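Structure first, commentary second.
The values are calculated or read from the model by the stated rules, or taken from the named source; none is laboratory data. Given the structure is predicted, the values throughout are model-derived calculations rather than measurements. Quick reminder, even Gly has a Cβ in these numbers, built from the backbone with ideal geometry, and neighbours come from all protein chains shown. We work out accessible area using only protein heavy atoms, side chains counted, and drop any ligands, DNA or RNA first. Shrake-Rupley method; radii C 1.70, N 1.55, O 1.52, S 1.80 Å.
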Amino acid sequence: MHDHHPFIETLRQREYRITPQREMIIEAVTTSGSEHVTAEEIFEQVHDKSSALNIATVYRTLEILVEEGLISRADLGGGQMVYATSHHGPHIHLVCRYCWQVIDADYDLIAPFGDALRAQYGFSADLQHLAVFGVCATCMAALEE
């Protein structure tokens, strides 16, 4: 379990208003620890505490947290974004377009790519939470039969 107070303090320092609903959303995200959560999961968790909350508030708060670099988001397929705090650490997900299996890949594989983008284009890519879509070994074997 991770403390949500540093997130709150960072947002206050950046002159964001911290409402009770926003604080509950931030607490729900930070207590997810190293797990990915969807906006809908956060909404369900927080709505149990406050019926005054709506899903739009959850999305707006998550967007602020992403913009401020406090959390990251990734599309792991199925049209739903997942969110993770920096406690999750940098990571890569390999997502099969056929069976939607998600495989966690070694983050060190992406470092040379980031270095090449910086050297060749002067571009610093945010590669902290990355999803790469393709075909898993099981589905590839089934396709080749």
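Overview of results
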read-out	value
Share of alpha-carbon pairs per 5 Å distance bin for segment 97-145, given as whole %	5, 17, 21, 16, 15, 12, 10, 4, 1
Nitroxide proxy distance, nm - points 7 Å out along Cα→Cβ at Ser50 and Asp126	2.5
Inter-label distance, nm, simple model (7 Å from Cα along the C-beta direction), Leu109/Arg60	4.0
Alpha-carbon centroids, segment 97-145 and segment 1-30: separation in whole Å	31
Surface per residue (accessible, 1.4 Å probe) for the chain, Å²	61
Heavy-atom SASA rank of Ile92, Ile55 (probe 1.4 Å, accessible area, largest first)	Ile55, Ile92
Length released on extending from Arg97 to His5, taking residue separation times 0.36 nm less the Cα-Cα span	29.3 nm
Solvent accessible area, Å² - Asp115, 1.4 Å probe, full protein context	100
Spin-label model distance (nm) - Glu68 vs His87, 7 Å beyond Cα toward Cβ	1.7
Contour minus Cα-Cα distance for Glu144 and Thr31 (0.36 nm per residue)	36.4 nm
Share of carbon and sulfur in the accessible heavy-atom surface of the chain [1.4 Å probe, %]	51
Geometric extent, Cα atoms of segment 18-92 - Rg, Dmax (angstrom)	11.6, 36
